[in-house]
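Remarks on the structure that follows.
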Amino acid sequence: MGTTSRPPARPGVLRWLGYAMGGGLPARYSPWVLHDTTTRTWGLRHLARALVQMAVPIVLIVALVPAPAWIRLMTALGGLLLGLVFSLAYMAETTENRVKKAGYPPGTATAARERAARVREQQERERRRAAAARRAARRRARR
């Protein structure tokens, strides 16, 4: 994440699809990769990439397997659920690998997420202290 206020350059749809399928991006997108894997919604972004990866085999199963529709759909659903379980189980490792591919040292994404969590916790503590001070001031004013 940079010191500038401009958001990092986003890849186009085709590049993002390649990235979602596990490919790398050119170096100019490295700040975006770090943002993608460390922003507050990084887990949802990971799930979106996982669903894109699983879409191809699911479509092939539903379209090409010679079986009744209910068997094809149940097979696709089972594969999707199993794929999501594995995707969630290895979410942190997968995102770290993406950040490493983008040229950052291992552990960068985890450290950035932990740093952001500490900042959010500090802001929440300050918000609660300010709210408590306002309540105390209102109580004193009522007396």
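I need the full set of residues from the range 92-106 which are exposed (fewer than 12 other Cβ atoms within 10 Å of the Cβ) and assigned to a loop (DSSP other than H, G, I, E, B), in order please.
Within the range 92-106, Pro105, Pro106 meet the criteria.
Going by the conditions given, is Leu81 at pLDDT 95 or above, in a helix (DSSP H, G or I) and loosely packed, with under 15 Cβ neighbours inside 10 Å?
When the stated conditions are applied, Leu81 passes them.
The conditions are (1) of a type outside the set (D, E, K, R); (2) surrounded by 12 or more Cβ atoms within 10 Å (Cβ to Cβ); (3) closer than 14 Å to Arg113 by Cβ, and Leu44 fails exactly one of them. Which is it?
Of (1) of a type outside the set (D, E, K, R); (2) surrounded by 12 or more Cβ atoms within 10 Å (Cβ to Cβ); (3) closer than 14 Å to Arg113 by Cβ, only one is false for Leu44: (2).
So for the range 108-120 (the condition being over 17 Å from Thr39 (Cα atoms) and surrounded by 12 or more Cβ atoms within 10 Å (Cβ to Cβ)), does at least one residue qualify?
Within the range 108-120, not a single residue is over 17 Å from Thr39 (Cα atoms) and surrounded by 12 or more Cβ atoms within 10 Å (Cβ to Cβ).
The values are calculated or read from the model by the stated rules, or taken from the named source; none is laboratory data. Given the structure is predicted, the values throughout are model-derived calculations rather than measurements. In this analysis, Cβ positions are derived from the backbone assuming ideal geometry, glycine residues included, and neighbour counts consider all displayed protein chains.
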